[in-house]
Amino acid sequence: MADTAVLASKAPVAEKPRSVLDARLEALDLPRGGFTAAARADAADRLNAMGLPGKRDEYWRYTDPAAFNAPTAEPLAFTSRASTLFDEIEQLKLVFVDGRFDADASDALDGEGLEISTLAAADAAGDHWAADLYGKLETAGQNPVKRPFAVLNTLAATDGVLIRVTGKVSRPVHILYRREAQDADVTIHHVIRLEEGSELTLLETGGIAARSNVAIEVEVNKEARFHHIASKRADDAKVGIGHVFARVGEGALFKSFTLSVNGSMMRNEGVIEIVGDDAVAHIAAAVLGDGTEGRFHHDDTVFITHAAERCESRQVFKKVLKNGADGIFQGKILVKPGAQKTDGYQISQGLLLDEGSQFLAKPELEIYADDVKCSHGSTTGALDETAMFYLRSRGVPKEQAVVLLVLSFLADALEEIEDDRLRDDILTRLDEWLTSRASA
Amino acid sequence: MLNIKNLHVKLEDEDKQILKGVDLTVPAGEVHAIMGPNGSGKSTLSYVLSGRDGYEVTEGEASLYDHDLLDMEPEERAAAGLFLAFQYPVEIPGVGNLTFLRTAVNAQRKARGEDELSSGEFLKVVREKAKTLQIDADMLKRPVNVGFSGGEKKRNEILQMAMLEPKMCILDETDSGLDVDAMRLVAEGVNALRSPERSFLVITHYQRLLDHIKPDVVHIMSNGRIIKTGGPELALEVEKNGYGDLLAEVG
């Protein structure tokens with residue numbers, strides 16, 4: 001209620017965002033919703049109250065929300081190659097084409113320890129276990145910072161996967177995104193619940209759409225383990241906003257790693273609440289941005305809340321930027337009263353390969369417990385000249401030396417991937433990609 | 001062989017002359033040592049020869065066989081057969097030692113128009129050479145020089161040298177930071193590489209390294225010049241009397 005009052009007092013300023021919101025909503029074909037109907041109605045109310053963000057919002061200081069606010073997506077050309085990342089790994093494949101689940105291209109929706117359905121199909125059918133979760137973690141994640149595009153997602157999502165994990169699942173679930181239409185504007189919402197003691201690895205690869213809004217809500221219950229590895233498709237220009245909302249229970253583990261290679265305007269928000277004692281939550285990203293392929297702007301915004309004792313959190317963000325690329329990091333650790341023995345660490349680093357690029361970081365710690373260990377670090381720099389000379393003096397050509405040093409810079413983030421096969425696969429692709437464009 | 005004539009070098013960003021006319025010839029198969037007090041220009045000479053940024057050659061020349069070194073990029077000098085063992089080997093987190101070695105070996109082979117070594121061939125050779133330097137499998141797998149002790153770092157330099165098979169090896173204060181046993185191990189590694197086709201330029205402050213790596217010729221460097229050249233006995237003289245007498249003698 002307090003927030004509504006604040007908004008009301010700012011009514012003259014809020015007027016413009018409201019009309020932006022109206023235009024945005026009018027352009028959408030809003031699903032009516034079955035089991036999600038109540039959550040969607042609530043999202044509509046909340047969105048009307050908060051409006052869409054403008055450049056003046058503190059949380060949007062470094063990223064202009066205009067491309068996300070625009071009523072429709074700007075058509076963007078793309079290369080139609082299918083992603084082959086993780087091809088060699090045994091997996092359960094779920095294919096989304098322009099944001100719609102493609103059953104023919106996907107594996108059967110079953111597996112030991114898994115209960116899987118798609119949002120569109122389940123919502124049409126009615127009752128569902130995900131009714132307890134859909135929009136719930138997103139709503140909880142609106143405090144203390146508003147995340148209007150996540151609310152919009154809950155309101156407007158047309159498809160997604162709903163996964164309930166009841167056992168230790170060794171075969172990763174792989175969500176593959178494919179693009180067909182050049183102007184697809186896609187809103188996807190995934191809901192994942194890991195029951196006590198269960199384990200799942202979720203992979204996401206491919207180019208989603210010209211514009212995408214993806215939200216993932218993950219509930220990691222007691223002693224469950226969740227690994228998330230996403231690779232945002234290389235070389236396709238796109239506009240994308242993503243949110244991962246996680247609630248991590250007692251003794252549970254949550255690990256998320258995202259690789260982003262090019263693109264044009266992206267913002268990924270990670271909102272993690274650690275609610276059970278002795279839990280672990282890590283979130284990491286490796287980003288490679290080249291401003292020559294259109295504007296490159298990549299924003300990672302993270303908010304980790306410690307609300308339990310003896311928990312560990314890590315934020316590891318590495319961005320390699322060149323030719324006028326912008327890299328942003330806003331990361332916060334909030335330690336609530338009573339969250340003693342918290343071990344929180346955050347590192348964000350920008351590697352600038354030329355003088356035209358920039359890395360902006362806003363680290364924040366807010367601590368209300370007295371027996372905690374929390375620290376953060378942020379650096380921005382160029383390639384280490386001594387290391388360059390060392391490699392070249394061994395006969396490694398300059399371009400190849402840059403590739404090795406870029407991989408070296410990203411290593412800490414890649415180390416956050418626990419599974420060697422998945423990490424090696426990403427490393428190999430990264431190496432090939434960097435080498436193929438070493439001279440650019 | 002390495003041929004340096006009247007080499008003058010200043011710092012690129014500062015008006016500071018470091019080398020003031022160095023003349024030096026190291027014939028094939030010979031081991032030459034350069035000794036000299038701090039700040040005499042020994043390390044600068046090694047950096048300029050291997051192509052490090054930050055220096056400007058104002059006069060003179062340097063060649064390795066028929067290659068004009070000063071016109072080449074560092075990687076081209078390496079492919080032409082020059083190797084610098086660093087005083088402070090650089091740590092490269094996240095890049096495995098083996099990956100680094102194989103990248104370097106194959107880059108040089110490629111530059112010389114030779115076939116690249118297959119993974120199997122490379123591993124066979126590297127394991128063999130690592131064994132004689134007492135470098136274990138774990139050190140080969142670890143990131144380049146990360147967490148290595150002083151002795152391990154220097155042994156790793158010698159392993160790179162052994163794998164790259166250069167014609168001209170420059171050792172920049174390879175003895176610094178080594179205990180007696182580590183120094184002996186490094187020296188044995190270097191001695192094993194001595195051959196009629198390979199030359200060495202050993203830069204050191206102390207005579208003790210030269211007990212293990214026996215030089216044919218010893219040069220004394222001071223204030224940017226070679227001020228005296230002699231046999232191994234010159235190193236003993238320095239050890240006994242310090243640089244003071246020598247500097248006074250030359251004036």
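Summary of computed values
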read-out	value
Candidates B:Ala104, B:Ala137, B:Ala79, ranked by Gaussian network fluctuation over chain B, Cα under 10 Å, top entry	B:Ala137
Cα coordinate range in chain B, projected on the principal axes (Å, largest first)	57, 39, 35
Antiparallel content of DSSP bridges confined to the protein assembly as shown, in %, to 5	20 percent
Estimated inter-spin distance, A:Lys362 and B:Ala111, nm [label 7 Å along Cα→Cβ]	4.7 nm
Rounded tilt (10° steps) of B:97-111 against the dominant C-alpha axis of chain B	70 degrees
Equivalent ellipsoid semi-axes - Cα gyration tensor, segment A:153-271, angstrom	26, 14, 12
10 Å Cβ neighbours from other chains, averaged over peptide B:89-96	6
FRET efficiency, 1/(1 + (r/R0)^6) with R0 35 Å, evaluated for A:Thr379 and A:Glu196 via beta carbons	0.30
Estimated buried accessible area (total), pair A and B, 1.4 Å, Å² to nearest 100	1900 Å²
Estimated inter-spin distance, A:Arg421 and A:Ala27, nm [label 7 Å along Cα→Cβ]	4.2 nm
Förster radius 45 Å - calculated FRET efficiency between A:Ala66 and A:Tyr345 (Cβ-Cβ, nearest 0.05)	0.85
Cα gyration tensor category, rounded, prolate or oblate, for segment A:376-425 with a/c compared to 1.5	oblate
Net length gained if the chain between B:Asp138 and B:His212 were fully extended (0.36 nm per residue, minus Cα distance)	23.9 nm
Environment charge at B:Val146 (Cβ cut-off 13 Å; Lys +1, Arg +1, Asp -1, Glu -1)	-2
Heavy atoms of A:Lys332: accessible area, 1.4 Å probe, square angstrom to 10	30 Å²
Estimated FRET transfer efficiency when R0 is 56 angstrom, pair A:Asp87-B:Glu233 (beta carbons, to 0.05)	0.25
Net charge of neighbours whose Cβ lies under 12 Å from the Cβ of A:Phe96, counting Lys and Arg as +1 and Asp and Glu as -1	-1
Neighbourhood charge, 14 Å Cβ-Cβ cut-off, centred on B:Glu73 and excluding it, Lys, Arg +1 and Asp, Glu -1	-1
For A:Arg314, solvent-accessible area (1.4 Å; no DNA, RNA or ligand), Å²	50 Å²
Segment A:2-382 - share of DSSP beta bridges that are antiparallel (%, nearest 5)	5 percent
Sum of -39500 (n - 2.57) over DSSP H runs of 4+, divided by residues of the protein assembly as shown (222 nm, nearest 500)	-8500 deg cm²/dmol
For the protein assembly as shown: span of alpha carbons on each principal axis (Å, largest first)	96, 55, 53
Separation in nanometres of the label points that stand 7 Å from Cα toward Cβ, at A:Gln182 and A:Ala49	4.3 nm
The protein assembly as shown, accessible surface, carbon-and-sulfur percent (1.4 angstrom probe)	47 percent
Check: segment A:304-440 dipole with +1 on Lys, Arg Cβ and -1 on Asp, Glu Cβ, in debye	240 debye
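The values are calculated or read from the model by the stated rules, or taken from the named source; none is laboratory data. No experiment lies behind these values; they were computed from the predicted model shown. Neighbour counts are summed over all protein chains in view; Cβ atoms, including those assigned to glycine, are modelled from backbone coordinates with ideal geometry. Calculation scope for accessible area: heavy atoms of the full protein, side chains included, ligands and nucleic acids excluded. Shrake-Rupley method; radii C 1.70, N 1.55, O 1.52, S 1.80 Å.
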